[in-house]
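Readers should treat all values here as calculations from the given coordinates under stated rules, not as data from a laboratory. A quick note: this is a predicted structure, and the numbers were derived from the prediction, not measured. Quick reminder, even Gly has a Cβ in these numbers, built from the backbone with ideal geometry, and neighbours come from all protein chains shown.
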Ligand code: GLU
């Protein structure tokens, strides 16, 4: 399969494959971005001359470290910690930490790479990074999670700083983990450096609306895509996958905009709730009890069915919002969505749609919001948290949400106008890749060969 008509890009990609063996998700993410860049190189020879593509695909710094900890019975465990400091052309490295057994070098590299372009699209002064560990918080006590976080930060702290690298949450890292990580950073450095982590608690430097921002932003982006086609979310059936932070607040915003959200899921299966998800119950089961979506279905009674081990995308829907994890929406799923008349798809998770699935949606002319645009509301609001920390200020929920709405509209319009300018009108993937790349590339050229 050809990336583009540009042999130079093919050859760069071949080198990346050779130098990053076995990192399938990273290859996939790079291929998707590079596939959009042919027309940019044709117009902007200065980027090729400065070897910007080769440089942008090579992380500035890759950290891998041992994380030892003891469980409640005194048994010793050894996990692996990562931080990918990918690109600092636009600001300090910024991006979440993921705690999940699937975390590996390739996963963190793909996420860090995506983050570079996503963060650029927000228009905020943040570079791109990502980190995490193969630690599995599921089933662990608060004390175990705390000891793990303290051990993780005992190594990571030396690489962080509000002007250097600013982590946040991602899968498996929420308010509880950020609290333990911040506490340990503060203890080791003896500095109350609020802006070193985002996603903090509201009473100690956190920003209003940060928890909601990723899911809200995904729905706001979807609403913009629909608005450009003279449509809206009112009265629509919306399918959401996942049941973590992104999914929960995507459901909340979609409901606020008049949609009926009929699904959510976890790794065991999905819930179909034709009357619309009862968000209070879902929050209770997932956030308070840290339970499974099957428990939601049991408690919801006749309204909802739990379907074990099946794909949520087989359910007929108007709008699909994959908010679980990478590569969760396959070609078969995309064919089912199109056959059932889906009107828009937007990624709340990072790279949840496989390349084959994207091609099916593209050929069917379905508006598709890629994660680096559609889920950028989370990191954008993290940048607003950093702004508040720097000025020792704290804004209201309403003001912060207003900023989020403006930012999502700005991202939508940037992607849409860029796609148009480069001859791919309506193609948000091309628009996001090119616009993000141009912003970072221009800064890299200006800052010289570093
Ligand atoms: N993990 C989120 C993302 O994928 C948020 C990162 C942040 O707030 O720094 O963008």
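Using 1/(1 + (r/R0)^6) with R0 = 56 angstrom and r between the beta carbons of residue 77 and residue 305, what's the FRET efficiency to the nearest 0.05?
0.90
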So which residue, out of 109, 283, 118, gets the largest mean-square fluctuation from a GNM of the chain using Cα contacts under 10 Å as springs? 283
Find how much the distance from residue 394 to residue 280 grows on full extension, using 0.36 nm per residue of separation minus their present alpha carbon separation; answer in nm with one decimal. 38.3 nm
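Only bridges with both residues in the chain count here: give the DSSP antiparallel percent, nearest 5. Can you show the working numbers first?
Values: 27 of 46 bridges.
Once the DSSP bridges in the chain are tallied, antiparallel ones form about 60 percent.
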Restricting to Cα pairs below 8 Å that are 6+ residues apart, what does the relative contact order work out to for region 205-274? Please round to a whole percent. 32
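Per DSSP helix of 4 or more residues, -39500 (n - 2.57); summed, then divided by the residues of the chain. What does that give at 222 nm, rounded to the nearest 500?
Rounded to the nearest 500, the figure is -14500 deg cm²/dmol.
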Candidates 390, 250, 304: whichever shows maximal mean-square fluctuation once the chain is modelled as a Gaussian network with Cα springs under 10 Å: 390
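Under the definition of Cα pairs under 8 Å and six or more residues apart, what whole-number percent is the relative contact order of the chain? Could the numbers behind the result be given before it?
Working: 938 pairs, mean separation 70.4, N = 450.
Computed value for the chain: 16 percent relative contact order.
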Measuring from label point to label point, each 7 Å out along Cα→Cβ, what is the residue 234 to residue 287 span in nm? 2.8
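Note down the relative contact order for region 399-441 as a percent, whole number, built from C-alpha pairs under 8 angstrom at least six residues apart.
Details: 32 pairs, mean separation 12.5, N = 43.
Result for region 399-441 is 29 percent.
Ratio of Rg to Rh for the chain, alpha carbon only, Kirkwood? Mind dumping the intermediate values first?
On the way: Rg = 20.9 Å, Rh = 22.0 Å.
Here the Rg-to-Rh quotient is 0.95.
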